[in-house]
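The values are calculated or read from the model by the stated rules, or taken from the named source; none is laboratory data. This one's a predicted model, so the numbers in the text were calculated from it and none came from an experiment. Just so you know, the surface numbers come from the protein's heavy atoms only, side chains and all, with ligands and any DNA or RNA stripped out. Shrake-Rupley method; radii C 1.70, N 1.55, O 1.52, S 1.80 Å.
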Amino acid sequence: MRGVSMHKCGQSNSCFSEKVMVQDKVCTNWQFTTAGSQAIYTDNISSTITGTGYVKVDSAVGTVSVDFFRTGDTTAFHTLLIPAKGSASFTIFRFNVISITTTSAAHGEFCITVRYSL
């Protein structure tokens, strides 16, 4: 985790408050032995989180779905569809859950760098 102090400045270039920005990076392998859905990342820190990352599918039968959700929503506001042996990158704003859904056994890698203010 890294913290950086930043100033918010208005159009007149006068700064009015200090803001601490934090950046974290998380990478993990994921695996399903059968079809299913699982949250792979959950944020409980900030509602103004930004994330940049990728999902790689090493093996699967069919397409793997990566869904992005906002607090309180049961419908994903953004979805990535990734074929076997494929990958996709993303930059996403104001989310709190990322889930992976597969229709068969599958495995791959997930990596995200999140940024938020304290």
Carbon/sulfur accessible area of the stretch 33-89, % of total, 1.4 Å probe, equals 51
Per-residue HN-Hα couplings for the stretch 92-104 [Karplus 6.51, -1.76, 1.60; θ = phi - 60°; Hz; x = Gly/Pro]: 9, 10, 6, 10, 9, 9, 10, 10, 10, 10, 9, 9, 7
